[in-house]
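J.: Take this structure first; my questions come after.
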Amino acid sequence: MTCTIANNLSDVFTTKASSAARERMLSRRGERLFVAGWERVLMMHFEVDAAALQRAVPFQLDLYHGRAFVSLVAFTMRGLRPCFGGKLTALLFRPIASHDFLNVRTYVRQGGEPGIHFIAEWLSNRLAATLGPATFGLPYRHGRIQYYHDWQGGVIRGRVTEQRRGTAFRYLAAPHQPASFHPCKVGSLDEWLMERYIAFNSAGGWKRSFRVWHPPWPQCPAKVAVLENSLLTENWPWFAEANLIGANYSDGFDEVWMGRPHSL
């Protein structure tokens, strides 16, 4: 295993999954389809009842020592564009290039490979929300999203509202002190939750997958308080019993590769 050693020589940080994902992406000609920036990323992790979660997921759950998890990922995507065509295709994608996301994801296995499954995704861009299901099998929904992720200022807050139903998810977060950004430790729960490079999805009974690549997450633990969660409990009643077990913040990446969708 290739590892990076930081100031504390007892801490071994992960790079293996990211390196393997990059090699897989480059091994197939034309596999890289899009590139975009993922900025100011807050991941909030909840332990949930495995049996209730499995009934909502069309893939086999991937469990961590028998425990099931759902993560909410609040971030901004910026500059989405195809990996081909240069400035022309980037111009064509401008209407959907940048917007906010709230991903509700869990952890699954397909064909023995660990990955993620998006249970739902709220987007601030209405046009983009109509395209994801048809192309990548993604469960996009339109929502009003207000993020204020000022890590340097010590305050992170956000609100995601589904106006049609009047439900919302609202949170307040702050960095653990001292705040130090580094990849996840090898063998840690953080690594298990964050270092995933393939998504398995299903829309209209059509199961698809796509790969992503970025360097290992440079992350720092965060303290989070959930102030409102009707957005979650109205969609999944079992979420009322979910236990918030931790959170991670990352400034993100200027370039994330996203691969082509493949039928399963």
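J.: What is the distance in Å between the Cα centres of the stretch 145-205 and the stretch 55-103?
T.: Spelled out, the Cα-based centre of one part sits 12 Å from the other.
J.: Search the structure for amide H atoms under 5 Å from the amide H of residue 68, placed 1.01 Å from N in the peptide plane, and list their residues when 5 or more places away or on another chain.
T.: 48, 50
J.: Return the lysines within reach of residue 185: Cα separation strictly under 21 angstrom, same-chain partners fewer than 8 residues apart disregarded; answer none if there are no such residues.
T.: The qualifying lysines are 16, 223.
J.: What is the spread of the Cα atoms of the stretch 178-264 along each of their three principal axes, largest first, in whole Å?
T.: If we take the Cα atoms of the stretch 178-264, the spans are 45, 35, 26 Å.
J.: Sticking with the crude label model, points 7 Å out along Cα→Cβ, report the distance from residue 155 to residue 19 in nm, one decimal please.
T.: About 4.3 nm separates the two model spin labels.
J.: Further question: Output wanted: per-residue J couplings in Hz (rounded whole) for the stretch 184-196, from phi through Karplus 6.51 cos²θ - 1.76 cosθ + 1.60, θ = phi - 60°, x for Gly and Pro.
T.: Calculated HN-Hα couplings, in order: 5, 6, 4, x, 7, 5, 4, 4, 4, 7, 9, 8, 10 Hz.
J.: Summing -39500 (n - 2.57) over the DSSP H runs of n ≥ 4 in the chain and dividing by its residue number, what mean residue ellipticity at 222 nm do you reach, to the nearest 500 deg cm²/dmol? It would help to have the intermediate numbers written out before the result.
T.: Values: 6 runs with 46 residues, N = 264.
Result for the chain, helices only: -4500 deg cm²/dmol.
J.: A further question on this structure: Out of all DSSP beta bridges in the chain, what portion is antiparallel? Express it as a percent rounded to 5. Don't skip to the answer; put the middle values down first.
T.: Values: 83 of 87 bridges.
Around 95 percent antiparallel, to the nearest 5.
J.: In nm, give the distance between the simple-model label positions of residue 144 and residue 92, each being 7 Å from the Cα along the Cα-to-Cβ direction.
T.: It works out to 3.4 nm between the two label points.
J.: Using the Cα centre of the chain as the reference point, and only Cβ charges (+1 on K/R, -1 on D/E), how large is the resulting charge dipole? Debye, rounded to the nearest 20.
T.: Magnitude of the dipole: close to 920 debye.
J.: Moving to a separate point now. Karplus couplings for the stretch 57-70 from phi (6.51 cos²θ - 1.76 cosθ + 1.60, θ = phi - 60°), rounded to Hz, Gly and Pro as x?
T.: 3J(HN,Hα) across the stretch 57-70, in whole Hz: 10, x, 10, 5, 5, 9, 9, 9, 6, x, 9, 9, 9, 10.
J.: If I model a spin label as a point 7 Å beyond the Cα along the Cα-Cβ vector, how far apart are those points for residue 109 and residue 241 in nm?
T.: So the label points at residue 109 and residue 241 sit 2.4 nm apart.
Each reported figure results from applying straightforward, stated rules to the coordinates on display, with no laboratory input. The model shown is predicted, which means the values in this text are computed figures rather than measured ones. Here the Cβ is made from the backbone with ideal geometry for all residues, glycine too, and neighbour counts use every protein chain on show.
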